[in-house]
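One structure below.
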Amino acid sequence: MYLLEEYKDFPPDLQKYVPDYEFFLYDVSGYKDENVQLNVFLRIILMVFRDIRKKDIHAMVNTIYQAVDYLRQLQDQARATAYLKTLFYYIFRVQRHLTKKQFYDIIDHIGNTYQEGSELTMTLAEIFRNEGKEEGRAEGIANTTIRLITKFVAPPSEDIKKKIHEQEISTLEAIIDHIDELETIEDVKQYLK
């Protein structure tokens, strides 16, 4: 059977340029962890894909903890650290509902689990801070600052957002570096010129 029913009617010279693929789709949402008897990295990928869009954020946090524990089992810890960086880069870009406390609990868990914990947690924090870079350095940092303030402090008003976009990069980086110390919008305003 062809994906394009008319494929057989195409001239032979054209048929060779028309891809004829066969797709296999798997619903991994019903897989239980003990049923996923694959290598560690593939197991983690399937778990993350299964849980990343769940409304229950605690399921995703538990998956992250499990992923960290699974990666600890790898002999090559340098590779495990690289996998973990990639995993978090993906999670922080897709899963936007982690709270400030959950984020720092995850960082603490990694710091306590891995020998390279402090270096790795700094890398993860860096990934989190720099998620807007591809939009252009100034615009990206401004957008990231607004997202971090929204996520960890409170949603800023349109006036505050406008002021954030007018700030120098060094000011925005200072806000990002101290985001864990900011508790109110008034704290944020102290950085704005």
Residues in region 56-85 that are outside any helix (DSSP H, G or I) and under 17 Å from F103 (Cα atoms) total 1
Of all residues in region 17-50, count the ones that are modelled with pLDDT of 75 or more and charged (D, E, K, R). 2
Subset of region 55-101 [modelled with pLDDT of 80 or more, of a type in the set (S, T, N, Q) and either surrounded by 15 or more Cβ atoms within 10 Å (Cβ to Cβ) or in contact with an Asp or Glu (Cβ under 6 Å, 6 or more places away or on another chain) (or both)]: T63, Q66
Being modelled with pLDDT under 80 and among the β-branched types (V, I, T) is true for just one of I164, I179, I127, I141. Which residue is that? I127
Within region 160-193, the residues that are of a type in the set (A, V, I, L, M), more than 15 Å from R147 (Cβ to Cβ) and in a loop (DSSP other than H, G, I, E, B) are L192
Residues (over 25 Å from Q102 (Cα atoms) and either touching a residue at least 24 places away in the same chain (Cβ under 8 Å) or touching a His at 6+ places or on another chain (Cβ under 9 Å) (or both)) located in region 169-188: I169
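The values are calculated or read from the model by the stated rules, or taken from the named source; none is laboratory data. Everything quoted here is computed from the prediction, not taken from an experiment. Positions of Cβ are generated from backbone atoms using ideal geometry, with glycine treated the same way; all protein chains shown enter the neighbour counts.
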